[in-house]
Amino acid sequence: MNLKQLVGEKAAEYVKEGMVVGLGTGSTAYYMVEALGKRVKEGLSITGVTTSTRTKEHAEKLGIPLKTIDEVKKVDLTIDGADEIDAHYQGIKGGGGALLFEKIVADYSDKVIWIVDESKMVETLGAFPLPVEVMPYGSQQLVRIFEEKGFHPTMRKNDKEETYLTDGGHYIIDLQMDKIEDPNSLAGWLDSLTGVMEHGLFLNRVNTIIVGRESGLEVIE
Ligand code: 5RP
């Protein structure tokens, strides 16, 4: 059973006629976009707001009408994937490099649904490297600060081993934290660093989580 497909298709059922829908990024969100594309072909009228160039190209191919986040008053519902979700439903996102746009779209959404397979559910965040999106200018200074903290930073690379560039034109530094005991204080500290555009800690930002398990679907409200 493809659990990503299962949760992606389930989440698409939450989309109703006339909604403005935030379309997340990643291999799980892919299936939700596919399912919505199918419903649009069958007559559903919605407006999508994409969170990355990748999702935009996908949605365009499927004929989903799109607007940018600046062209809509608000987003009714955003559906997105996640890299890790802890026991308190706090998350790490940004494995796919779209964290800044994803956080912007989520923050202007009435409701957010995360769709994940069961491997993403953890007790404590941190095994998954925490992405930090930074301005290229001064980024090595941030790498130094993270090294001094013992966060084992690595500058993300693309397939060609060049420095990865986000859709916003920034770099991503991945932090190998292993265990994030206090996500709130880490988020506050990262927010305070000049040059940090955004980080992948998504705290208190989800309303519903749909988890795909080998035993079936779990919906956490
Ligand atoms: C992209 C993201 C993705 O939602 C996250 O990386 C999960 O991706 P996938 O569904 O491919 O595991 O945050 O920036």
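We did not get these values from a lab; they are worked out from the coordinates using the rules stated. Owing to the predicted nature of the structure, the values given are computational and were not obtained by experimental measurement. For neighbour counting, all protein chains shown are included, and Cβ atoms are generated from backbone atoms with ideal geometry for every residue, glycine included.
Odds and ends about this structure:
- The range 120-156 - residue that is within 16 Å of the ligand (Cβ to nearest atom) and not aliphatic (A, V, I, L, M) and, of those, farthest from Asp191 (Cα to Cα): Lys120
- Each residue in the range 181-221 was checked for being of a type in the set (S, T, N, Q) and in contact with a strand residue (DSSP E or B) (Cβ under 7 Å, 6 or more places away or on another chain), and 2 pass.
- Considering residues of the range 183-221 that are part of a loop (DSSP other than H, G, I, E, B) and within 18 Å of Asp86 (Cβ to Cβ) only, the residue nearest to the chain's Cα centre (by Cα): Gly200
- Ile180 vs. criteria in a strand (DSSP E or B), under 30 Å from Leu6 (Cα atoms) and touching a Gly at 6+ places or on another chain (Cβ under 7 Å): no
- All positions within the range 84-106 that are within 11 Å of the ligand (Cβ to nearest atom) and small (Gly, Ala, Ser): Gly91, Gly94, Gly95, Gly96, Gly97, Ala98, Ala106
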